[in-house]
């Protein structure tokens, strides 16, 4: 009889021993009353009198299913996200909520639809980081009473209708054309400024025009053209006209230079 009693006590003691891992905690109840959180290491939970609930403290990666939303600019879209959270208070996670993981999933889905519906489509595509931070903060405030800390919420994908995709592609193409025209116009404006500056320099230095004409002749002759049109400066034409007026051809073929009256008067004196 004593042997059977000792065997029974040994089995009770053996069954009451529990080994808690580093990332686990046990919430122990004695006759239905929560005694606290135990672990890690070896703990004792007396059968019949005490019960326990195990909680995992590791980071949980939870996928938020695809949600249909309507943006602020009345565009229908589908989006999915992922939520990263962990239990930081095992006592609250057991006592305050029946299933902390299901509750977090449901609150994440409703918050995702609500927050994304407050933004326009362009904001969903371009301001992803700000929206993720906003989602994380709102969900974390709601799960704080359950002993759950939301680390991050990331919107994975935003699906828009095919017609809207084509419209966005046309808009992007028009934007690229607009930028190309602006760049071309700026280039023409800079070129015009440089040409105006060059024209001013040539106007201030008459010899620069002759040098430029000679340079153009060299460049044109390198292209093996058979005909070369060379513009004659107006100064050379004026000089030739003056020379023609001063030189008179005689009937016998000789030439006579006509001097200016002032030069002729000085010569006679």
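Here, each number is a calculation from the coordinates, and none is a lab measurement. The model shown is predicted, which means the values in this text are computed figures rather than measured ones. In this analysis, Cβ positions are derived from the backbone assuming ideal geometry, glycine residues included, and neighbour counts consider all displayed protein chains.
Kindly provide the Kirkwood hydrodynamic radius of the range 24-65 in Å, to one decimal, from all pairs of distinct alpha carbon atoms.
Values: mean 1/r = 0.0856 Å⁻¹.
Result for the range 24-65 stands at 11.7 Å.
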With each pseudo-label sitting 7 Å past Cα toward Cβ, what's the residue 35-residue 157 distance in nm, one decimal?
-> 5.0 nm
From a point 7 Å beyond the Cα of residue 122 in the direction of its Cβ, which residues of the range 175-207 have a backbone N at a distance under 14 Å?
-> 175-176
Sorted on mean Cβ neighbours within 10 Å (highest first), peptides 167-173, 129-135 come out as 129-135, 167-173
Two pseudo-spin positions, 7 Å from Cα along C-beta at residue 70 and at residue 184, lie apart in nanometres by 4.3 nm
Under the Kirkwood approximation for Rh and a Cα-based Rg, what ratio Rg/Rh is obtained for the range 1-146?
-> 1.22
Mean separation of Cα contacts under 8 Å (6+ apart) over length of the range 60-164, as relative contact order % | 39 percent
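So, R0 is 30 Å and r is the distance between the beta-carbons of residue 63 and residue 168; what FRET efficiency does that work out to, to 0.05? All intermediate terms of the calculation are to be shown ahead of the outcome.
Values: r = 27 Å, r/R0 = 0.89.
Once rounded, the FRET efficiency stands at 0.65.
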Please state, as a whole number in µm²/s, the translational diffusion coefficient that the Stokes-Einstein equation yields for the range 93-139 at 25 °C and 0.890 mPa s, with Rh defined as the Kirkwood radius across alpha carbon pairs.
-> 207 µm²/s
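Kindly state, to the nearest 0.05, the FRET efficiency for residue 82 paired with residue 141, given R0 = 22 Å and r defined as their beta-carbon distance. List each step's numbers first, then the result.
Working: r = 19 Å, r/R0 = 0.87.
The formula returns an efficiency of 0.70 here.
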Binned Cα-Cα distances of the range 60-164, short to long, each 5 Å bin given as a whole percent = 2, 13, 25, 22, 15, 10, 7, 4, 1, 0, 0
Could you give me the percent of Cα pairs per 5 Å distance bin for the range 124-163, shortest bin first, beginning at zero and ending with the bin that holds the maximum distance?
-> 5, 23, 23, 17, 13, 10, 5, 3, 1
Starting from the alpha-carbon convex hull of the range 2-56, give the projected area averaged over all orientations, in nm².
-> 3.9 nm²
